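Read through the structure below, which is laid out as structure tokens, and then see the notes.
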Amino acid sequence: MSSHHIVRDAQEPALIIADELISFEIIGQLLEWSPVVVVLEHCLPKVLSWGIKIDIVICSHAHYETVVDICQHQQPIQIFSLDTNYEEDLVHFAIAKLIARSHNAISIVWELFNPQRFMKYIDDTELITYQNDRKGYFVKQGVFKKWITANTQFYLSEDEHIREVENLERLEQAHYQVKQTGLVSFKTEKLIFIKESF
């Protein structure tokens, strides 16, 4: 996949790949709109094997030279190094960098995503996470409405703040299933993080 003649801007969700434990089919769907692609250093071998264009790599100081070497064919590319190799620090840095570039939505492929540690960004950008077979996102206080296919599962970070549920069957604590294809809605009394199966 060549980067030639592709204009990347802040209108489409940027993509942070923080682990490769996801099918390339899903990655392929996220790449359809030519997003800015940010990769954490430990994912580089796998992501490079996919043959996609990488725009930014976030790595530790200790591995900077190695990253520069293996990314030579990816020019133009930006490589940022930090005095840490802790994944969460690298992800925070990547998000802050993308927000500074006015990205109003960021997709994050990362199994270890902990929503409590990323709530501070919700006023600056929309975060969408991909973890195995679930897509996650923050829902602000108020009414949530979305067109969903039947049998899709919803997993909520908290259940006690949910009111006025429509087209959802409660399976167990904080776990719902869409009854029929169509509009799903509920009211939440506070900010929550939800995941939906895909």
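Each reported figure results from applying straightforward, stated rules to the coordinates on display, with no laboratory input. If you're wondering where the values come from, they're calculated on a predicted model, not measured in any experiment. Neighbour counts run over all protein chains shown; Cβ positions are idealised from the backbone, glycine included.
For the residues 32, 12, what sequence is obtained by ranking on other C-beta atoms within 10 Å, fewest first?
Working: 32 8, 12 17.
Ascending Cβ contact count within 10 Å gives the list 32, 12.
If I fit a long axis through the Cα atoms of helix 87-100 and take the longest principal axis of the Cα atoms of the chain, what angle between them do I get, 0 to 90°, rounded to 10?
Helix 87-100 sits at roughly 90 degrees to that axis.
Return a whole-number percent for the relative contact order of the stretch 139-197, with Cα pairs under 8 Å and 6 or more residues apart as the contact set. Write out the running numbers ahead of the final one.
Values: 138 pairs, mean separation 30.3, N = 59.
Taking the mean separation of contacting Cα pairs over the length of the stretch 139-197, I get 51 percent.
Let me have the 222 nm mean residue ellipticity of the chain computed from DSSP H runs of 4+ only, each contributing -39500 (n - 2.57), with the sum over all residues rounded to the nearest 500.
Counting only the DSSP helices, I get -4500 deg cm²/dmol.
Restricting to Cα pairs below 8 Å that are 6+ residues apart, what does the relative contact order work out to for the chain? Please round to a whole percent. Walk me through the numbers before you get to the answer.
On the way: 377 pairs, mean separation 36.0, N = 198.
Once divided by the residue count of the chain, the mean separation gives 18 percent.
Can you tell me the alpha carbon radius of gyration of the stretch 139-197 divided by the globular rule-of-thumb value 2.2 N^0.38 Å? Show your work: numbers first, answer last.
Working: Rg = 10.1 Å, N = 59, 2.2 N^0.38 = 10.4 Å.
Ratio of Cα Rg to 2.2 N^0.38 Å: 0.98.
Could you compute the net charge surrounding residue 147? Neighbours are other residues with a C-beta less than 15 Å from the C-beta of residue 147; K and R count +1, D and E count -1. Spell out each step's value before the answer.
Values: positive: 135, 145, 146, 179; negative: 166, 196.
Net charge in that neighbourhood comes out at +2.
How would 47, 184, 39, 68 line up from fewest to most surrounding beta-carbon atoms within 10 angstrom? Intermediate values should be presented prior to the final figure.
On the way: 47 19, 184 22, 39 28, 68 14.
Final ranking by Cβ density, sparse to dense: 68, 47, 184, 39.
At q = 0.26 Å⁻¹, what log₁₀ I(q)/I(0) does a Debye calculation on the Cα points of the stretch 6-96 give, no solvent, two decimals?
-1.54
What is the set of long-range amide H partners of residue 152 at a cut-off below 5 Å, with H atoms built 1.01 Å from backbone N?
HN-HN under 5 Å from residue 152: 178.
Taking H as built 1.01 Å from N, whose amide H comes closer than 5 Å to the amide H of residue 184, not counting residues under 5 places away?
Result for residue 184 returns 146, 147, 148.
Label-point separation (nm) for residue 180 and residue 102, each offset 7 Å from Cα along Cα-to-Cβ?
In this crude spin-label approximation the distance works out to 4.5 nm.
Measure of size requested: the Rg and Dmax of the chain, with Cα atoms as the atom set and Å as the unit; please supply both.
18.1, 55
Name the residues whose placed amide hydrogens come within less than 5 Å of the amide hydrogen of residue 81, ignoring near sequence neighbours (fewer than 5 apart) on the same chain.
59
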